[in-house]
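Engineer: Below are the C-alpha coordinates for one structure; questions will follow.
The values are calculated or read from the model by the stated rules, or taken from the named source; none is laboratory data. Please read all numbers here as calculations on a predicted model, not as lab measurements. Side chains are part of the model used for accessible areas, which takes the heavy atoms of the whole protein and leaves out ligands, DNA and RNA. Shrake-Rupley method; radii C 1.70, N 1.55, O 1.52, S 1.80 Å.
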Amino acid sequence: MIPADRLAVDPEVAAAIRDGRPVVALESTLISHGLPYPQNLEVAAASELAVRASGAVPATVALNAGRLLVGLSAADLEALATAPHGSVRKVSRPSLGHAIASGGWGATTVSATMIAAHAAAIRVLATGGIGGVHRGAIGGARPSLDISADLEELARTPVAVVCAGPKAILDVPLTLEYLETRGVPVVAVGTDEVPGFYARGSGIPAPISVPDVAAVAALVRAHGALGLGSGVLVCTPVPEADALPDDVTRNAVEQAVREAEHTGVSGPALTPWLLARIAALTDGASIAANTALIVNDARVAGELAAALAG
Ligand code: PSU
Ligand code: MN
(Lines give C-alpha, C1' and ligand atoms only; values in the text may rest on other atoms or scores of the structure.)
(Ligands and ions follow the chains in the order given, each with its own letter.)
Protein backbone atom coordinates (compact mmCIF):
# COMPACT_ATOMS: atom_id res chain seq x y z
CA MET A 1 0.00 0.00 0.00
CA ILE A 2 1.24 3.51 -0.80
CA PRO A 3 1.92 5.41 2.48
CA ALA A 4 -0.28 8.49 2.96
CA ASP A 5 2.70 10.87 2.78
CA ARG A 6 3.48 9.64 -0.75
CA LEU A 7 -0.06 10.25 -2.01
CA ALA A 8 -1.54 13.71 -2.59
CA VAL A 9 -5.21 13.49 -3.50
CA ASP A 10 -6.76 16.70 -4.81
CA PRO A 11 -9.52 17.99 -2.46
CA GLU A 12 -12.32 17.75 -5.05
CA VAL A 13 -11.29 14.18 -5.88
CA ALA A 14 -10.97 13.24 -2.21
CA ALA A 15 -14.45 14.61 -1.45
CA ALA A 16 -15.97 12.65 -4.34
CA ILE A 17 -14.29 9.42 -3.20
CA ARG A 18 -15.41 9.97 0.39
CA ASP A 19 -19.02 10.58 -0.70
CA GLY A 20 -19.08 7.57 -3.04
CA ARG A 21 -19.44 9.75 -6.13
CA PRO A 22 -17.93 8.53 -9.42
CA VAL A 23 -14.25 9.28 -10.11
CA VAL A 24 -12.06 8.38 -13.10
CA ALA A 25 -8.27 8.23 -12.95
CA LEU A 26 -6.50 9.42 -16.11
CA GLU A 27 -2.93 8.41 -16.92
CA SER A 28 -0.37 11.04 -17.90
CA THR A 29 2.30 9.28 -19.99
CA LEU A 30 0.19 9.91 -23.05
CA ILE A 31 0.56 13.64 -22.25
CA SER A 32 4.34 13.65 -21.73
CA HIS A 33 5.46 10.86 -24.05
CA GLY A 34 2.54 9.83 -26.27
CA LEU A 35 1.53 13.02 -28.07
CA PRO A 36 3.24 16.24 -29.17
CA TYR A 37 2.42 19.71 -27.83
CA PRO A 38 -0.18 21.24 -28.15
CA GLN A 39 -2.32 18.18 -28.88
CA ASN A 40 -1.18 16.60 -25.60
CA LEU A 41 -2.49 19.53 -23.54
CA GLU A 42 -5.70 19.73 -25.58
CA VAL A 43 -6.40 16.03 -25.11
CA ALA A 44 -5.65 16.19 -21.37
CA ALA A 45 -8.15 19.01 -20.90
CA ALA A 46 -10.72 17.45 -23.23
CA SER A 47 -10.45 14.11 -21.41
CA GLU A 48 -11.16 15.78 -18.07
CA LEU A 49 -14.16 17.57 -19.61
CA ALA A 50 -15.43 14.30 -21.11
CA VAL A 51 -15.25 12.61 -17.72
CA ARG A 52 -17.22 15.50 -16.19
CA ALA A 53 -19.81 15.42 -18.98
CA SER A 54 -20.40 11.77 -18.08
CA GLY A 55 -21.10 12.77 -14.48
CA ALA A 56 -17.79 11.79 -12.88
CA VAL A 57 -14.84 13.67 -11.39
CA PRO A 58 -11.52 13.39 -13.30
CA ALA A 59 -8.27 12.66 -11.47
CA THR A 60 -5.26 12.88 -13.74
CA VAL A 61 -2.37 11.10 -12.03
CA ALA A 62 1.30 12.12 -12.13
CA LEU A 63 4.27 12.28 -9.83
CA ASN A 64 6.04 15.36 -8.52
CA ALA A 65 8.43 16.11 -5.67
CA GLY A 66 8.31 12.57 -4.36
CA ARG A 67 4.53 12.20 -4.25
CA LEU A 68 1.90 10.61 -6.43
CA LEU A 69 -0.58 13.33 -7.33
CA VAL A 70 -4.15 12.13 -7.82
CA GLY A 71 -5.90 15.02 -9.53
CA LEU A 72 -3.89 17.77 -11.25
CA SER A 73 -4.53 21.50 -11.53
CA ALA A 74 -4.66 23.20 -14.94
CA ALA A 75 -1.18 24.57 -14.20
CA ASP A 76 0.11 21.06 -13.43
CA LEU A 77 -1.32 19.76 -16.72
CA GLU A 78 0.35 22.59 -18.59
CA ALA A 79 3.68 21.96 -16.84
CA LEU A 80 3.56 18.30 -17.84
CA ALA A 81 2.51 19.03 -21.41
CA THR A 82 5.12 21.73 -22.03
CA ALA A 83 8.10 20.25 -20.14
CA PRO A 84 11.28 20.11 -22.24
CA HIS A 85 11.79 16.79 -23.98
CA GLY A 86 13.34 14.24 -21.63
CA SER A 87 12.72 16.22 -18.42
CA VAL A 88 9.67 14.19 -17.35
CA ARG A 89 10.22 10.55 -16.40
CA LYS A 90 7.97 7.83 -17.74
CA VAL A 91 6.99 6.01 -14.55
CA SER A 92 5.62 2.49 -14.33
CA ARG A 93 5.70 -0.11 -11.52
CA PRO A 94 9.44 -0.90 -11.79
CA SER A 95 10.50 2.77 -11.91
CA LEU A 96 8.05 4.18 -9.33
CA GLY A 97 10.35 3.92 -6.31
CA HIS A 98 13.30 5.48 -8.12
CA ALA A 99 11.13 8.29 -9.47
CA ILE A 100 9.78 9.05 -5.98
CA ALA A 101 13.28 9.07 -4.51
CA SER A 102 14.62 11.32 -7.28
CA GLY A 103 11.95 14.04 -7.16
CA GLY A 104 10.93 16.06 -10.21
CA TRP A 105 8.05 15.41 -12.53
CA GLY A 106 7.06 11.92 -13.56
CA ALA A 107 4.23 10.86 -15.84
CA THR A 108 2.45 7.66 -14.90
CA THR A 109 1.80 4.85 -17.34
CA VAL A 110 -1.25 2.64 -16.99
CA SER A 111 0.56 0.44 -14.45
CA ALA A 112 1.64 3.27 -12.14
CA THR A 113 -1.72 5.02 -12.57
CA MET A 114 -3.49 1.80 -11.52
CA ILE A 115 -1.32 1.65 -8.39
CA ALA A 116 -2.20 5.25 -7.49
CA ALA A 117 -5.89 4.79 -8.32
CA HIS A 118 -6.16 1.67 -6.21
CA ALA A 119 -4.39 3.38 -3.29
CA ALA A 120 -6.92 6.23 -3.51
CA ALA A 121 -9.91 3.83 -3.86
CA ILE A 122 -10.66 4.83 -7.46
CA ARG A 123 -12.07 1.93 -9.45
CA VAL A 124 -11.99 3.19 -13.05
CA LEU A 125 -9.10 4.42 -15.20
CA ALA A 126 -8.97 5.70 -18.77
CA THR A 127 -6.09 5.56 -21.23
CA GLY A 128 -5.69 5.47 -25.01
CA GLY A 129 -4.41 1.97 -25.58
CA ILE A 130 -2.77 -0.32 -23.05
CA GLY A 131 0.76 -1.55 -23.46
CA GLY A 132 1.23 -5.23 -24.20
CA VAL A 133 3.41 -7.83 -25.87
CA HIS A 134 5.58 -6.07 -28.44
CA ARG A 135 6.04 -7.56 -31.91
CA GLY A 136 9.17 -9.71 -31.78
CA ALA A 137 8.94 -10.07 -27.98
CA ILE A 138 8.61 -13.83 -28.28
CA GLY A 139 10.08 -16.05 -30.99
CA GLY A 140 12.38 -15.02 -33.83
CA ALA A 141 16.15 -15.10 -33.76
CA ARG A 142 16.49 -12.75 -30.81
CA PRO A 143 13.27 -12.30 -28.81
CA SER A 144 13.18 -8.95 -26.98
CA LEU A 145 10.84 -10.17 -24.21
CA ASP A 146 9.43 -6.63 -24.23
CA ILE A 147 6.10 -7.06 -22.48
CA SER A 148 4.49 -4.00 -20.91
CA ALA A 149 4.17 -3.81 -17.13
CA ASP A 150 0.55 -2.82 -17.85
CA LEU A 151 -0.34 -6.49 -18.32
CA GLU A 152 1.05 -7.67 -14.97
CA GLU A 153 -0.63 -4.71 -13.28
CA LEU A 154 -3.98 -5.71 -14.74
CA ALA A 155 -3.35 -9.17 -13.30
CA ARG A 156 -2.76 -7.93 -9.76
CA THR A 157 -4.63 -4.65 -9.23
CA PRO A 158 -8.44 -4.47 -9.19
CA VAL A 159 -9.07 -1.41 -11.37
CA ALA A 160 -11.18 -1.32 -14.55
CA VAL A 161 -9.08 0.14 -17.38
CA VAL A 162 -10.94 1.64 -20.34
CA CYS A 163 -9.02 1.74 -23.62
CA ALA A 164 -9.53 1.52 -27.38
CA GLY A 165 -7.78 -1.86 -27.46
CA PRO A 166 -4.11 -2.75 -27.14
CA LYS A 167 -2.00 -0.28 -29.14
CA ALA A 168 -1.71 -1.20 -32.82
CA ILE A 169 2.10 -1.31 -32.56
CA LEU A 170 1.80 -4.49 -30.47
CA ASP A 171 1.34 -8.17 -31.15
CA VAL A 172 -2.36 -8.05 -30.30
CA PRO A 173 -3.09 -11.81 -30.35
CA LEU A 174 -0.18 -12.51 -27.97
CA THR A 175 -1.27 -9.62 -25.74
CA LEU A 176 -4.72 -11.20 -25.44
CA GLU A 177 -3.22 -14.63 -24.70
CA TYR A 178 -1.07 -13.11 -21.97
CA LEU A 179 -4.07 -11.40 -20.38
CA GLU A 180 -6.05 -14.64 -20.45
CA THR A 181 -3.19 -16.57 -18.83
CA ARG A 182 -2.93 -13.94 -16.10
CA GLY A 183 -6.65 -13.97 -15.37
CA VAL A 184 -7.67 -10.62 -16.80
CA PRO A 185 -11.12 -10.38 -18.37
CA VAL A 186 -11.09 -8.46 -21.67
CA VAL A 187 -14.48 -7.07 -22.61
CA ALA A 188 -15.43 -5.22 -25.79
CA VAL A 189 -18.37 -2.82 -25.66
CA GLY A 190 -20.86 -2.82 -28.52
CA THR A 191 -18.71 -4.92 -30.86
CA ASP A 192 -17.75 -8.58 -31.29
CA GLU A 193 -14.16 -7.71 -32.22
CA VAL A 194 -11.31 -6.50 -30.07
CA PRO A 195 -11.12 -2.78 -30.95
CA GLY A 196 -8.00 -2.04 -33.00
CA PHE A 197 -6.83 1.26 -31.39
CA TYR A 198 -6.50 3.50 -34.52
CA ALA A 199 -9.10 1.28 -36.21
CA ARG A 200 -12.52 0.21 -34.92
CA GLY A 201 -11.77 -3.46 -35.42
CA SER A 202 -8.78 -5.80 -35.28
CA GLY A 203 -10.28 -8.88 -36.92
CA ILE A 204 -9.79 -10.69 -33.61
CA PRO A 205 -12.92 -11.90 -31.80
CA ALA A 206 -13.36 -10.28 -28.39
CA PRO A 207 -12.99 -12.71 -25.45
CA ILE A 208 -16.13 -11.13 -23.95
CA SER A 209 -18.56 -8.85 -25.73
CA VAL A 210 -21.35 -6.85 -24.09
CA PRO A 211 -23.86 -4.43 -25.59
CA ASP A 212 -23.39 -1.39 -23.38
CA VAL A 213 -21.75 0.28 -20.38
CA ALA A 214 -24.46 -0.96 -18.00
CA ALA A 215 -23.43 -4.52 -18.85
CA VAL A 216 -19.76 -3.63 -18.31
CA ALA A 217 -20.66 -2.29 -14.87
CA ALA A 218 -22.44 -5.55 -14.01
CA LEU A 219 -19.37 -7.51 -15.11
CA VAL A 220 -16.95 -5.28 -13.17
CA ARG A 221 -19.13 -5.57 -10.04
CA ALA A 222 -19.37 -9.37 -10.29
CA HIS A 223 -15.66 -9.77 -11.03
CA GLY A 224 -14.73 -7.47 -8.15
CA ALA A 225 -17.05 -9.21 -5.70
CA LEU A 226 -15.23 -12.50 -6.30
CA GLY A 227 -12.07 -11.00 -4.82
CA LEU A 228 -9.89 -12.43 -7.56
CA GLY A 229 -7.55 -9.48 -7.35
CA SER A 230 -7.26 -8.69 -11.03
CA GLY A 231 -8.53 -5.71 -12.97
CA VAL A 232 -10.78 -5.69 -16.02
CA LEU A 233 -9.76 -4.46 -19.46
CA VAL A 234 -12.64 -2.61 -21.11
CA CYS A 235 -12.23 -1.94 -24.84
CA THR A 236 -14.34 0.60 -26.69
CA PRO A 237 -13.73 1.37 -30.38
CA VAL A 238 -12.45 4.70 -31.70
CA PRO A 239 -15.39 6.78 -33.05
CA GLU A 240 -16.16 5.89 -36.68
CA ALA A 241 -15.37 9.38 -38.04
CA ASP A 242 -11.90 9.42 -36.46
CA ALA A 243 -10.66 5.91 -37.31
CA LEU A 244 -7.66 5.48 -39.61
CA PRO A 245 -8.03 3.34 -42.74
CA ASP A 246 -6.71 -0.20 -42.07
CA ASP A 247 -4.05 -0.17 -44.80
CA VAL A 248 -2.68 3.20 -43.67
CA THR A 249 -2.30 1.89 -40.13
CA ARG A 250 -0.81 -1.43 -41.19
CA ASN A 251 1.81 0.12 -43.47
CA ALA A 252 2.84 2.79 -40.99
CA VAL A 253 3.05 0.36 -38.07
CA GLU A 254 5.06 -2.19 -40.03
CA GLN A 255 7.50 0.42 -41.29
CA ALA A 256 7.90 2.00 -37.84
CA VAL A 257 8.52 -1.40 -36.20
CA ARG A 258 11.13 -2.27 -38.87
CA GLU A 259 12.89 1.06 -38.36
CA ALA A 260 12.85 0.62 -34.58
CA GLU A 261 14.64 -2.71 -34.98
CA HIS A 262 17.31 -1.11 -37.19
CA THR A 263 17.72 1.85 -34.85
CA GLY A 264 17.95 -0.42 -31.83
CA VAL A 265 15.51 1.62 -29.72
CA SER A 266 14.18 -0.53 -26.87
CA GLY A 267 12.84 -0.49 -23.31
CA PRO A 268 10.49 2.26 -22.10
CA ALA A 269 11.59 4.47 -25.01
CA LEU A 270 10.20 2.09 -27.61
CA THR A 271 6.48 2.86 -27.36
CA PRO A 272 6.90 6.68 -27.50
CA TRP A 273 9.36 6.28 -30.39
CA LEU A 274 6.92 4.14 -32.40
CA LEU A 275 3.97 6.48 -31.77
CA ALA A 276 6.00 9.49 -32.90
CA ARG A 277 7.29 7.67 -35.97
CA ILE A 278 3.77 6.60 -36.96
CA ALA A 279 2.61 10.21 -36.58
CA ALA A 280 5.33 11.29 -39.01
CA LEU A 281 4.59 8.48 -41.47
CA THR A 282 0.86 9.32 -41.52
CA ASP A 283 1.37 13.10 -41.71
CA GLY A 284 -0.27 13.50 -38.33
CA ALA A 285 -3.37 11.47 -39.14
CA SER A 286 -2.53 9.01 -36.37
CA ILE A 287 -2.44 11.90 -33.86
CA ALA A 288 -5.99 12.90 -34.77
CA ALA A 289 -7.20 9.31 -34.31
CA ASN A 290 -5.21 8.92 -31.08
CA THR A 291 -6.62 12.09 -29.52
CA ALA A 292 -10.18 11.20 -30.52
CA LEU A 293 -9.97 7.70 -29.06
CA ILE A 294 -8.45 8.98 -25.80
CA VAL A 295 -11.27 11.46 -25.25
CA ASN A 296 -13.86 8.82 -26.17
CA ASP A 297 -12.31 6.40 -23.66
CA ALA A 298 -12.52 9.10 -20.98
CA ARG A 299 -16.20 9.61 -21.76
CA VAL A 300 -16.94 5.88 -21.54
CA ALA A 301 -14.89 5.57 -18.34
CA GLY A 302 -16.97 8.38 -16.83
CA GLU A 303 -20.17 6.52 -17.73
CA LEU A 304 -18.76 3.32 -16.24
CA ALA A 305 -17.76 5.06 -13.00
CA ALA A 306 -21.24 6.62 -12.80
CA ALA A 307 -22.89 3.23 -13.38
CA LEU A 308 -20.72 1.65 -10.68
CA ALA A 309 -21.51 4.43 -8.21
CA GLY A 310 -25.26 4.39 -8.94
N1 PSU B 1 -2.21 5.22 -24.89
C2 PSU B 1 -1.89 6.15 -25.82
N3 PSU B 1 -0.65 6.70 -25.79
C4 PSU B 1 0.28 6.35 -24.84
C5 PSU B 1 -0.06 5.37 -23.85
C6 PSU B 1 -1.32 4.84 -23.93
O7 PSU B 1 -2.70 6.45 -26.69
O8 PSU B 1 1.40 6.87 -24.87
C9 PSU B 1 0.95 4.99 -22.78
C10 PSU B 1 0.28 4.45 -21.50
O11 PSU B 1 0.77 5.19 -20.40
C12 PSU B 1 0.73 3.01 -21.42
C13 PSU B 1 2.10 3.12 -22.05
O14 PSU B 1 0.75 2.51 -20.12
O15 PSU B 1 1.85 3.95 -23.18
C16 PSU B 1 2.69 1.78 -22.40
O17 PSU B 1 4.09 1.90 -22.45
P18 PSU B 1 4.99 0.56 -22.49
O19 PSU B 1 4.65 -0.10 -23.79
O20 PSU B 1 6.40 1.06 -22.43
O21 PSU B 1 4.62 -0.26 -21.30
MN1 MN C 1 8.37 -2.31 -22.59
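Engineer: If each residue of separation counts as 0.36 nm, what is the full-extension length gain between Ala75 and Arg258 once their alpha-carbon separation is subtracted?
Structural biologist: Values: separation 183, 0.36 × 183 = 65.88 nm, distance 3.85 nm.
Between Ala75 and Arg258, full extension yields an extra 62.0 nm.
Engineer: Quick one: ranking Met1, Met114 by accessible area, 1.4 Å probe, largest first, what do you get? Working shown, then result.
Structural biologist: On the way: Met1 180, Met114 0 Å².
Ranked list, largest accessible area first: Met1, Met114.
Engineer: Would you mind telling me which residue in Gly132, Gly86, Gly196 has the biggest mean-square fluctuation in a Gaussian network model of the chain, where springs connect alpha carbons within a distance under 10 angstrom?
Structural biologist: So, out of Gly132, Gly86, Gly196, the one fluctuating most is Gly86.
Engineer: In addition: Hey, any idea what % of the chain's accessible area is carbon plus sulfur with a 1.4 Å probe?
Structural biologist: 55 percent
Engineer: If you roll a 1.4 Å probe over the heavy atoms of the protein chains, what accessible area per residue do you get for the chain, in Å²?
Structural biologist: On the way: 12780 Å² over 310 residues.
For the chain, the per-residue accessible area is 41 Å².
Engineer: Rounded to the nearest 500 deg cm²/dmol, what is the calculated helix-only ellipticity per residue at 222 nm for the chain, with -39500 (n - 2.57) per DSSP H run of length n ≥ 4?
Structural biologist: -13500 deg cm²/dmol
Engineer: Could you tell me the accessible area of Arg89 in Å² (1.4 Å probe, neighbours in place), rounded to the nearest ten?
Structural biologist: Rounded to the nearest 10, that gives 90 Å².
Engineer: Which residue, Val234, Val24, Val216, tops the fluctuation ranking in a GNM of the chain built on C-alpha contacts under 10 Å?
Structural biologist: Fluctuation is largest for Val216.
Engineer: Taking the convex hull of the alpha carbon atoms in the chain, what volume per residue do you get, in Å³?
Structural biologist: Convex hull of Cα atoms, per residue: 120 Å³.
Engineer: With the cut-off at 20 Å, report for the stretch 157-296 the share of all Cα pairs above it, as a whole percent.
Structural biologist: The proportion of pairs with Cα distances above 20 Å equals 49 percent.
Engineer: Over what distance in Å are the Cα centres of the stretch 286-304 and the stretch 110-185 separated?
Structural biologist: 18 Å
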